[in-house]
1. Would you confirm whether or not the stretch 5-28 contains a residue that is touching a residue at least 12 places away in the same chain (Cβ under 8 Å), under 20 Å from the mean Cα position of the chain (by Cα) and surrounded by 12 or more Cβ atoms within 10 Å (Cβ to Cβ)?
2. Does the stretch 1-27 hold any residues that are outside any helix (DSSP H, G or I) and closer than 17 Å to residue 64 by Cα, and which are they?
3. Find all pairs meeting these conditions: Cβ atoms under 6 angstrom apart; at least six residues apart or on different chains; first residue within the stretch 66-79 and touching a residue at least 40 places away in the same chain (Cβ under 8 Å); second residue surrounded by 12 or more Cβ atoms within 10 Å (Cβ to Cβ) and assigned to a helix (DSSP H, G or I).
4. So, residue 46, is that one touching a helix residue (DSSP H, G or I) at 6+ places or on another chain (Cβ under 9 Å), within 20 Å of residue 20 (Cβ to Cβ) and either part of a helix (DSSP H, G or I) or touching a residue at least 40 places away in the same chain (Cβ under 8 Å) (or both) or not?
């Protein structure tokens, strides 16, 4: 199989992942205090999206779910920070 990625692109991806490994991104915990919607909205939405992706893409969905987890955490932190400042 031919290599379909340019070496510069792969170098950029490796650099991005190296920065992400040491960056202080606070991630939301998947710990449920209670199984009610209030207070667990982000967890339930993430689980629903992850299960949907796994059902559609099967094992290929794991990298997508990891990226989804990081993006969801960043969005959650932005909204949590803004609500705490008000």
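1. Of all residues in the stretch 5-28, those touching a residue at least 12 places away in the same chain (Cβ under 8 Å) come to 20, 25-28.
Next cut, under 20 Å from the mean Cα position of the chain (by Cα) only: 20, 25-28.
In the following step, the residues that additionally are surrounded by 12 or more Cβ atoms within 10 Å (Cβ to Cβ) were identified as 27-28.
Yes, the stretch 5-28 contains a residue that is touching a residue at least 12 places away in the same chain (Cβ under 8 Å), under 20 Å from the mean Cα position of the chain (by Cα) and surrounded by 12 or more Cβ atoms within 10 Å (Cβ to Cβ).
2. Step one: of the stretch 1-27, the residues outside any helix (DSSP H, G or I) are 1-6, 23-27.
Within the stretch 1-27, 27 is the sole residue that qualifies.
3. Pairs found: 72/46; 76/42.
4. Details: touching a helix residue (DSSP H, G or I) at 6+ places or on another chain (Cβ under 9 Å): yes; within 20 Å of residue 20 (Cβ to Cβ): yes; either part of a helix (DSSP H, G or I) or touching a residue at least 40 places away in the same chain (Cβ under 8 Å) (or both): yes.
Spelling it out, residue 46 is indeed touching a helix residue (DSSP H, G or I) at 6+ places or on another chain (Cβ under 9 Å), within 20 Å of residue 20 (Cβ to Cβ) and either part of a helix (DSSP H, G or I) or touching a residue at least 40 places away in the same chain (Cβ under 8 Å) (or both).
Every read-out reported here was derived from the displayed coordinates using simple, explicitly stated rules and does not represent laboratory data. If you're wondering where the values come from, they're calculated on a predicted model, not measured in any experiment. Using ideal geometry, Cβ is built from the backbone for each residue, glycine included, and neighbour counts are taken over all protein chains shown.
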